Amino acid sequence: ASRFNALKADAHWQQVWDERRTFAADDHSAKPKSYVLEMFPYPSGKIHMGHVRNYTMGDVLARYRRMTGHEVLHPMGWDAFGMPAENAAMEKGVHPGGWTRANIATMKAQLKRLGFALDWTRELATCEPDYYGHEQAIFLEFYKAGLVYRKESAVNWDPVDMTVLANEQVIDGRGWRSGALVEKRKLNQWFLKITQFADELLDGLSTLEHWPDKVRLMQENWIGKSQGLTFRFRLSDGGEVEVFTTRPDTIFGASFVAVAADHPIAQALAGDPAVAAFIARCKQGGTTAAEIETQEKLGFDTGLTAAHPFSGHPLPVYIANFVLMDYGTGAVFGVPAHDQRDFDFATKYSLPIRRVVAEGDKADPAFDEAEAYTGPGTLVNSHFLDGMDVADAKREVIRRAEADGWGRGSTVWRLRDWGVSRQRYWGTPIPIVHCAACGEVPVPREQLPVVLPEDVTFDVPGNPLDRHPTWKHVACPSCGGEALRDTDTLDTFADSSWYFIRFASQPQDRPFDRAVAESWLPVGQYIGGVEHAILHLLYARFFTRALRHVGMIDVAEPFTGLFTQGMVTHETYRLALPDYDGPRGALWVSPDDIVVGENGQRLARMADGATVPVTVGRVEKMSKSKKNTIDPEPIVDQYGADAVRWFMLSDSPPERDLEWSENGIEGAWRFVQRLWRLVDGERGSEGRDAALDRKLHQTIAGVAADIEALSFNKAVAKLYELTSAVEKAAPSASRDDAVEAMIRLVAPMVPHLAEEAWSLRGHAGLVADAPWPAVDAALLVEDEVTIAIQVNGKLRDTLVLAKGLPREAIEAAALASDKVVRLLEGRAPKKVIVVPDRLVNLVA
Ligand code: ANZ
Ligand code: ZN
């Protein structure tokens, strides 16, 4: 048999697929439609192994679906706006557009070399006006429907670079470039009203059965629905403070009230230098919920008191660093016995800790435990609530508050409206004009797209759109007077919030055709990284619902199936230089520069050819910072696309990490060659091989089920087994059939080899278009059964016998068992009970 020439086959079949437009999806097909989508890449420069793994998985499913009679939409495009292009512009003096488009060209060629079954006729890049112009139209639809508004809100301001920074550009409170302490500045910014859909977005999660539970939970927590009571305390100075609680049942355990540093009550006292100093100290700490969680709890006693709503008892009012201004009402009452933060706070400031919920029968009102009790129980120490369980007590307090008019049952959400304004160049321009006479004026539809100017400079910090000499000066669309364009661009998450709809339908004159889009959507299987589990998926779900709200499409959930794949990892290597004290990053060594020394020790080959010992570090996600990446391109050059694809699927379950290894890719390459020897081997034999027939049909059914379940490694394992079985089998018609079927079974994974084999064996069409082999259900049934042999009801032996044997044959086999012979000591059994195919019980 010959050797499989992967490079030749890859190039040939990729060209054939391209020329025949094999994977172009037909909107008008009568077949059932199937939409398989992997998260589209950011064109950073080159494809990395994470992409290869992600796209290989989607590709196997897409190819399998085609073979099982579906019209498959499997598109690809580019999430092409964003910061790295501007950074490249600042660092290398290249235009963001030129940089991005060059990267797209490189990466597209790389994807093509992997032989993915993609519909390139639908390729799109979000940075092109024929994409973002439609996004502007959608923005204006949302605007018209009242889903867009403008509000003053804080941004990160770098006082040295004089520019707004994205959150990820603020490192330890400092600008990533300048190192200056970042300030909060208030700017007018655009918001999308995602909170209007909070309920729907939460409820919708329960319909997403084919999503990982952990992702649904992350979304649920992010949306963060809390139900409880909002009410006012009367203050000793005659004022009031409103608080929100999820635990109204604990009201008799309250020992203080606390307000956020930004709360009006705190601000009103800031004339006092001690208060001002405390407020300033709170702000140093960081203001995210996560940061606040871990900080030491600090408070400032205002001297005010708040009257308990039932007893009138005065509670001290503190300003506290653990109360957030933008959650609930920005003020709380503290119950140290039943909330850990309150417990820490009370311990620090010697406030009473009074238990009001007793756990089980521990109805001891004294509280001497080392931490707050947050579990269920019975109310104690609580007057009219005593004896109730927590749920009843909550209801009772809310009932009384509403009846007496000092509070009301309420729902609070953690979800905030989506701030979409970015003071950057490389994004979708916000299609609004500001006119002194008319105010905010939407750009009329016929003037869309609002195109980014090409002639921009990046030699000074700040927003190039804002300082462009002419771009922002326009006539007001409404009155014709002098007006200014909005110079903000949209958060790039907006671009990825509807690209899957544009893939399904791309008319020139509008974002998408409703009927065509609805014929493809929702995406049945979406595959991507878990890093997008919250924001991207939530924003895409919101866009879809908002589009439905404005009547553009009738789809509730964009992705009914979601799969989050594991990472590709590799060992890390660091120069073993104990005395080195330069930057840490400089010590990492790329796997490309590692050689194996005499005693198996790893060495780094330096630029001058010398070798230096390295320390082998942990296996970690491939990343540029640790230099442990393997570039897919030379690997494809060396082993061919099929071996790379096979390895990506084989070693680990797809949701787990896959460790890249030389052995692994070589093993995959050898397997490809083994397959080739089989398909290129002898044919034309006669006679059936029943065992092989059964193995084949079990494999056909098993591989299909595994691919449907995205258990690619299991499918691969079954194909290994079948390959071994075929290799061992003597020539027969069954063996010929098995090889013929195997070409189709492996086609989704190693499509180039499969096409080559298919044509070698004389088939006219493409294996990509061939139907998945049919299963003979009769052959799925096992023909052997395991029979339990009992003596006096005790299991003594098991026998593997042919299925469906007559009673007498089973009885004879049982009596012939060595163990039975020994136990019966030559006597005949008194009674023999036979349950065919299951068991034999001998009564001695
Ligand atoms: C009294 C109480 C007693 C509370 C108790 C908890 C346990 P979730 O579930 O996250 O919504 N809280 C309310 N607003 C806050 C704010 N702006 N900053 C910090 N904490 C705030 O949490 C709701 C609970 O978090 C509320 O219920 C309130 O404390 C606190 F045994 O009120 B609780
Ligand atoms: Zn005007």
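The values are calculated or read from the model by the stated rules, or taken from the named source; none is laboratory data. Remember, predicted model here, so these are calculated numbers, not experimental data. Quick reminder, even Gly has a Cβ in these numbers, built from the backbone with ideal geometry, and neighbours come from all protein chains shown. Remember, those area values only see protein heavy atoms, side chains included, never the ligands or the DNA or RNA. Shrake-Rupley method; radii C 1.70, N 1.55, O 1.52, S 1.80 Å.
Listed values, structure above:
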| read-out | value |
| --- | --- |
| Unmet requirement for ARG541, which otherwise passes all of (1) within 16 Å of ligand 2 (Cβ to nearest atom); (2) under 23 Å from LEU415 (Cα atoms) | (1) |
| Hits in the range 326-342 (condition: under 31 Å from the mean Cα position of the chain (by Cα) and either near ligand 1 (Cβ under 7 Å from one of its atoms) or within 20 Å of ALA307 (Cα to Cα) (or both)) | TYR327, GLY328 |
| In the range 482-492, residue modelled with the highest pLDDT [restricted to those that are open to solvent by 30 Å² or more (accessible area, probe 1.4 Å) and more than 12 Å from GLU440 (Cβ to Cβ)] | GLU482 |
| The range 809-844, subset within 18 Å of GLU784 (Cα to Cα) and of a type in the set (Gly, Ala, Ser), residue most open to solvent (accessible area, probe 1.4 Å) | ALA812 |
| Residues of the range 695-721 classified as closer than 21 Å to ARG735 by Cβ, open to solvent by 50 Å² or more (accessible area, probe 1.4 Å) and not acidic (Asp, Glu), total | 4 |
| Failed criterion for ARG602 (all others in (1) open to solvent by 40 Å² or more (accessible area, probe 1.4 Å); (2) over 29 Å from MET567 (Cα atoms) hold) | (2) |
| Test for ASP249: is it under 19 Å from ARG400 (Cβ atoms) and within 12 Å of ligand 1 (Cβ to nearest atom) | yes |
| So VAL412, is it within 12 Å of ligand 1 (Cβ to nearest atom), in a strand (DSSP E or B) and surrounded by 14 or more Cβ atoms within 10 Å (Cβ to Cβ) | yes |
| Test: residue in the range 146-159 that is more than 17 Å from GLY82 (Cβ to Cβ), part of a loop (DSSP other than H, G, I, E, B) and modelled with pLDDT under 95 | yes |
| Close pairs (6 angstrom Cβ cut-off, 6 or more residues apart or separate chains): of a type in the set (A, V, I, L, M, F, W, C) in the range 119-145, part of a loop (DSSP other than H, G, I, E, B) and open to solvent by 10 Å² or more (accessible area, probe 1.4 Å) anywhere | ALA137/LEU448; ALA145/VAL550 |
| Test result for PHE81, assigned to a loop (DSSP other than H, G, I, E, B), within 21 Å of TRP498 (Cα to Cα), at pLDDT 95 or above and not aliphatic (A, V, I, L, M) | yes |
| Members of the range 225-238 that are touching a Leu at 6+ places or on another chain (Cβ under 9 Å) and either within 11 Å of ligand 1 (Cβ to nearest atom) or free of Cβ contacts under 8 Å to residues at least 40 places away in the same chain (or both) | LYS225 |
| Within the range 556-580, considering residues that are out of contact with any strand residue (DSSP E or B) (no Cβ under 9 Å at 6 or more places or on another chain) and over 23 Å from LYS624 (Cβ atoms), the one least open to solvent (accessible area, probe 1.4 Å) | GLU557 |
| Members of the range 26-50 that are under 26 Å from the mean Cα position of the chain (by Cα) and modelled with pLDDT of 95 or more | LYS33, SER34, TYR35, VAL36, LEU37, GLU38, MET39, PHE40, PRO41, TYR42, PRO43 |
| Filter result for THR723 (among the β-branched types (Val, Ile, Thr), at pLDDT 95 or above and in contact with an Asp or Glu (Cβ under 8 Å, 6 or more places away or on another chain)) | no |
| Candidates GLY224, GLY204 - the one that is within 21 Å of the chain's Cα centre (by Cα), of a type in the set (Gly, Ala, Ser), at pLDDT 95 or above and closer than 30 Å to ALA403 by Cβ | GLY224 |
| The range 84-115, residues that are among the small types (Gly, Ala, Ser) and at pLDDT 95 or above | GLY97, GLY98, ALA102, ALA105, ALA109, GLY115 |
| Scope the range 464-514; condition closer than 30 Å to ASN167 by Cβ and within 16 Å of ligand 2 (Cβ to nearest atom); matching residues | LYS472, LEU484, ARG485, ASP486 |
| Filtered residue count, the range 537-555, keeping only those that are of a type outside the set (Phe, Trp, Tyr) and open to solvent by 10 Å² or more (accessible area, probe 1.4 Å) | 8 |
| Candidates GLY238, GLY271 - the one that is part of a loop (DSSP other than H, G, I, E, B) and over 20 Å from MET325 (Cα atoms) | GLY238 |
| Strands (runs of 3 or more DSSP E) (entirely within the range 431-535) containing at least 2 residues that are touching a residue at least 60 places away in the same chain (Cβ under 8 Å) and more than 16 Å from ligand 1 (Cβ to nearest atom) | 439-442, 525-529 |
| Subset of the range 773-793 [open to solvent by 30 Å² or more (accessible area, probe 1.4 Å) and in a loop (DSSP other than H, G, I, E, B)] | ALA774, VAL775, ASP776, VAL781, GLU782, ASP783, ASN792, GLY793 |
| Residue in the range 293-314 that is among the small types (Gly, Ala, Ser), surrounded by fewer than 20 Cβ atoms within 10 Å (Cβ to Cβ) and in a helix (DSSP H, G or I) present | no |
| Residue ID - farthest from GLY50 (Cα to Cα), chosen from residues in the range 670-694 that are modelled with pLDDT of 90 or more and open to solvent by 70 Å² or more (accessible area, probe 1.4 Å) | GLU686 |
